[in-house]
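Okay, so here's the structure we're looking at.
We did not get these values from a lab; they are worked out from the coordinates using the rules stated. Owing to the predicted nature of the structure, the values given are computational and were not obtained by experimental measurement. Glycine gets a Cβ as well: all are built from the backbone with ideal geometry, and neighbour counts include every protein chain shown.
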Amino acid sequence: MCLSHLKRNKLVILAEQLFLTYIATLMNILRSWREQKILLKRRFPILSDEDLSFEEVNKESMLKKLEEKLGKNQLELERIFAELQLS
């Protein structure tokens, strides 16, 4: 393997670690879920209470539904949740 390829692999691994850390931090919800639901429904009127049904066991399922319904990818959803934390 060439040196640049090794550096690129290390960067990819570092990026993945940072991404996972970001997700973990993001999902440690600072605001109450109730507040976030209200803000999400204001921003995206198409969402229903059922779409935003949050339980720790179905978090991934809920996020997948939101991705599909809003036409957003995981990174875009994470940015939205991060923005909610700051608003």
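What FRET efficiency do you get for E35 and K64 if R0 is 35 Å and r is their Cβ-Cβ distance, rounded to the nearest 0.05? Once the sixth-power term is evaluated, E becomes 0.95. Mind checking which lysines have their C-alpha under 28 Å from K41, skipping anything on the same chain fewer than 8 residues away? Output for K41: K59, K64, K65, K69, K72. What does the C-alpha gyration tensor say about the overall shape of the range 45-87? Classify as rounded when a/c is under 1.5, otherwise prolate if a/b is larger than b/c, or oblate. Rounded is the answer for the range 45-87, as its axis ratio a/c remains below 1.5.
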